[in-house]
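Heads up: the structure comes next, in structure tokens.
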Amino acid sequence: MDTTAAERRFELWRRRFGLVAAPLAFVAVASAPLALEPRPHRLAAILAAVVVAWISEVIPMAMTAFLGVAACVVLQVAPPATAFAPFAD
């Protein structure tokens, strides 16, 4: 099925929006004064960025999921064995 020029333009802008909005969502939630301990606070920031990236499809959905898990390991929300266990099933 062919897409129109308007649809292609929309897809391009949606992805550009996600490329900017996902990191901004992470920073906004990470710097927000939430009543959370540090690990859940970092997880909330990761979740915000992943949701924006998922909706905007700035990267493929499977890679978005993997990026969220990798961010959890890098930001010490979860140990690698626990975080990556669902990918090894």
Förster radius 30 Å - calculated FRET efficiency between Met61 and Ala85, Cβ distance, rounded to 0.05: 0.90
Rg [Å, one decimal], Dmax [Å, integer] - the chain, C-alpha atoms: 15.4, 49
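Sorted by packing (mean other beta-carbon atoms within 10 Å per residue), highest first, where do 9-16, 21-28 land?
Values: 9-16: 12.1, 21-28: 16.8.
So the peptides 9-16, 21-28, ranked by packing, come out 21-28, 9-16.
Before anything else, pin down the relative contact order of the chain: Cα pairs under 8 Å, at least 6 apart, normalised by residue count, whole percent. Can you show the working numbers first?
Values: 74 pairs, mean separation 24.2, N = 89.
The value is 27 percent.
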Residue (of Ala22, Val73, Trp54) at the positive-pole extreme of the chain, dipole from beta-carbon charges: Ala22
Rounded percent of accessible protein surface that carbon and sulfur make up, the chain, 1.4 Å probe: 73
The chain: DSSP helices with Cα axial extent of at least 24 Å and average Kyte-Doolittle hydropathy no lower than 0.5: 38-56
Mean Cβ count within 10 Å, highest first, over the residues of peptides 46-58, 62-74: 46-58, 62-74
Cβ charges +1 (Lys, Arg) and -1 (Asp, Glu), total dipole of the chain, debye: 260
At R0 = 30 Å, FRET efficiency that the Cβ-Cβ distance of Arg39 and Trp13 yields, to 0.05: 0.30
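The values are calculated or read from the model by the stated rules, or taken from the named source; none is laboratory data. Because the structure is predicted, anything quoted here is derived from the model rather than measured. In this analysis, Cβ positions are derived from the backbone assuming ideal geometry, glycine residues included, and neighbour counts consider all displayed protein chains. Side chains are part of the model used for accessible areas, which takes the heavy atoms of the whole protein and leaves out ligands, DNA and RNA. Shrake-Rupley method; radii C 1.70, N 1.55, O 1.52, S 1.80 Å.
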